[in-house]
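The values are calculated or read from the model by the stated rules, or taken from the named source; none is laboratory data. On a predicted model such as this, the values are computed, not experimentally measured, just so you know. Note: ideal-geometry Cβ built from the backbone for every residue, glycine included; neighbour counts use all protein chains shown. Remember, those area values only see protein heavy atoms, side chains included, never the ligands or the DNA or RNA. Shrake-Rupley method; radii C 1.70, N 1.55, O 1.52, S 1.80 Å.
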Amino acid sequence: MLTQRGQVAMPGDAKARNRQIMLRVIRSGKVLTAAEIHKMTGISRQTVMRFLQHYCQRGVIASVGFGESTSAGGKKPELFQFCDARKILCVNLWPKAITLAMSDLVGEVYAVKEYAHQLSGDLDRELEDVRALAQQYLTGQGVELSALYGLVLTVPGTVDYDTRTLRYNSQSPAWGADVDMEQKLREHFGAHLTYYIDNAGKAAGRALLLEHPEYAAHRLLTMFTTWGVSACLIEKGHVLNGRDSLIGEIGHMIISDADEVVCGCGKRGCLESMVSLGRVRRMLESLGEDSGTANGMTLRRLFERSAAGEARCQQVSAYLAHCFAVALQNLSLSYNQEMVVFQGDFAWADQHFDECLKEELSQFRYYPRDGLFRIDYDRRELSLLAAQGGAGKLSEKYFSALAQE
């Protein structure tokens with residue numbers, strides 16, 4: 001038998017592959033018999049029984065009794081269930097807020113709690129704050145830090161997934177470059193935990209793929225829009241990163257280099273600065289909006305007023321659609337996305353924004369006659385999505401390691 005790379009498959013490869021398949025079934029948490037696992041996977045009963053015996057000895061799977069006998073009155077089948085009760089702590093360390101959530105090892109996220117917080121330039125101080133909040137939070141959940149399996153941390157900026165370093169964070173540039181985030185977490189939370197560090201936008205994008213596994217067949221692009229703008233580019237279920245983890249940092253795509261505002265990345269005319277809430281407020285004031293009302297504007301409120309037909313807000317909505325149309329057209333030339341999903345603030349965009357966006361994109365003659373790529377709006381909370389995406393990735397890491405044991 002050959003592997004995908006044309007190499008001869010070794011017995012250990014086949015064993016690990018079979019274990020991965022069976023673990024995917026058992027990780028659902030359902031109570032199953034060996035016969036049911038055999039039927040669901042196509043793997044021989046003898047191999048299934050060895051698998052169950054191995055992981056029962058490891059304390060990962062437990063025998064939970066016996067089911068009903070068959071109609072012919074045969075032996076009652078033994079029932080098995082995934083039983084590793086350890087948890088994952090999910091932490092979003094973002095501008096304006098720290099979010100904590102719990103997840104089981106299957107990746108089910110719950111008990112999401114947000115704390116108002118302003119990022120500082122001192123990363124160690126930030127992690128001390130996270131540790132203090134986490135201790136308080138875990139006590140409320142009745143969970144000891146020492147009993148956790150792992151911790152997921154999502155942050156702004158580019159993450160090198162091979163070295164687990166934060167390459168750069170334009171939201172807090174004083175954190176420095178090429179920061180060993182895993183080592184930092186070990187210093188604050190201990191060496192006994194398994195860690196996963198993720199870019200906030202990519203974590204939120206992964207969550208969509210977890211909910212809709214059918215999207216893995218498409219070239220998907222999710223747009224993370226809140227305190228910044230980034231994208232998660234997913235092809236055949238795989239998140240694209242690139243050598244410097246720059247794939248997806250579309251907030252720093254140049255829309256107009258004649259723009260006056262200098263972005264945190266050091267360049268002018270970035271998408272992120274051109275569609276920022278500050279830009280929206282300044283535009284409204286220049287169009288005659290009362291300064292107090294303009295300074296209190298949110299993007300959600302802007303889209304509500306645009307949907308109600310207010311001319312000033314519709315003009316700003318159209319401008320924002322233009323900026324995203326430029327970005328998405330440029331992305332089409334290199335990525336050729338089949339689906340785009342807005343997450344965060346711009347998920348609340350009104351019909352006027354959607355129509356303006358699609359009208360401008362339709363003017364590009366290279367798009368096929370049967371229409372543009374699909375555009376959707378996911379209005380779930382970004383903090384929850386990021387926690388789900390990060391927990392799902394750490395859960396995947398856990399089960400991949402199990403398959404090799």
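Points worth noting:
- Quotient of C-alpha Rg and 2.2 N^0.38 Å, computed over region 20-147: 1.50
- Using only Cα coordinates, the Kirkwood hydrodynamic radius of region 85-220 works out to 15.5 Å.
- Measuring nothing but alpha carbons in the chain and taking Rh as the Kirkwood radius, the Rg to Rh ratio lands at 1.03.
- Here the label points at GLU128 and SER69, each 7 Å from Cα along the C-beta direction, are separated by 6.8 nm in the simple model.
- Tilt relative to the chain, helix 277-286 - C-alpha long axis, 0 to 90 degrees, to 10: 20 degrees
- Qualifying chymotrypsin sites (Phe, Trp or Tyr not before Pro) for region 325-405 [loop in DSSP, other Cβ within 10 Å: at most 12]: TYR366
- Computed extension length for LEU193-ALA116: 25.1 nm, one decimal, from 0.36 nm per residue of separation with the Cα-Cα distance subtracted.
- Net charge of Cβ neighbours under 11 Å - reference ASP198; Lys, Arg +1; Asp, Glu -1: +4
- Remark on region 135-207: Rg and Dmax equal 13.4, 37 Å (Cα only).
- Translational D in µm²/s for region 316-384 (Stokes-Einstein at 10 °C, 1.306 mPa s, Kirkwood Rh from C-alpha pairs): 126 µm²/s
- Seen against the Cα atoms of the chain and their longest principal axis, helix 311-334 is set at about 50 degrees.
- Packing-based order for 240-252, 256-268, 276-288, 92-104, using average beta carbon neighbours within 10 Å, highest first: 92-104, 240-252, 276-288, 256-268
- Here the calculated FRET efficiency for GLU310 and GLU78, from their Cβ-Cβ distance with R0 = 56 Å, stands at 0.25, rounded to the nearest 0.05.
- Radius, Kirkwood style, for region 219-302 when every pair of distinct Cα atoms is counted (Å): 14.4 Å
- With the simple spin-label model, which puts each label point 7 Å out from Cα in the Cβ direction, the LYS267 to ILE21 separation comes to 4.6 nm.
- Per residue, the average separation of C-alpha pairs within less than 8 Å and at least 6 apart gives the chain a relative contact order of 15 percent.
- Cα centroid separation, region 184-242 to region 331-350 (Å): 15 Å
- Taking 0.36 nm per residue of separation and subtracting the current Cα-Cα distance, fully stretching the chain between ASP180 and ALA217 would add 9.9 nm.
- Sequence of ARG380, ARG305 when ordered by accessible area, the most exposed leading, probe 1.4 angstrom: ARG380, ARG305
- Every Cα-Cα pair in region 10-49 was counted, and those over 17 Å apart are 23% of them.
- Rolling a 1.4 Å probe over the protein heavy atoms gives region 55-107 an accessible area of 46 Å² per residue.
- TRP175 contributes about 20 Å² of solvent-accessible surface, heavy atoms of the protein only, 1.4 Å probe.
- For region 165-263: relative contact order, % (alpha-carbon pairs under 8 angstrom, 6 or more apart): 16 percent
- Contact order normalised by residue count of region 284-369, Cα under 8 Å, 6+ apart, percent: 35 percent
- Under 16 Å from a label point set 7 Å out along the Cα-to-Cβ vector of THR298, the amide N atoms of region 105-124 belong to 114-117.
- Pair-distance distribution of region 168-268: all C-alpha pairs, bin width 10 Å, starting at 0; shares per bin in whole percent are 13, 36, 33, 16, 2, 0.
- Our compactness index for region 56-111, the C-alpha radius of gyration over the empirical 2.2 N^0.38 Å, is 1.88.
- A convex hull fitted to the Cα coordinates of region 286-405 yields 146 cubic angstrom per residue.
- Protein accessible area in the chain, 1.4 Å probe - carbon and sulfur %: 48 percent
- Averaged over its residues, region 215-270 has an accessible area of 46 Å² per residue, based on protein heavy atoms and a 1.4 Å probe.
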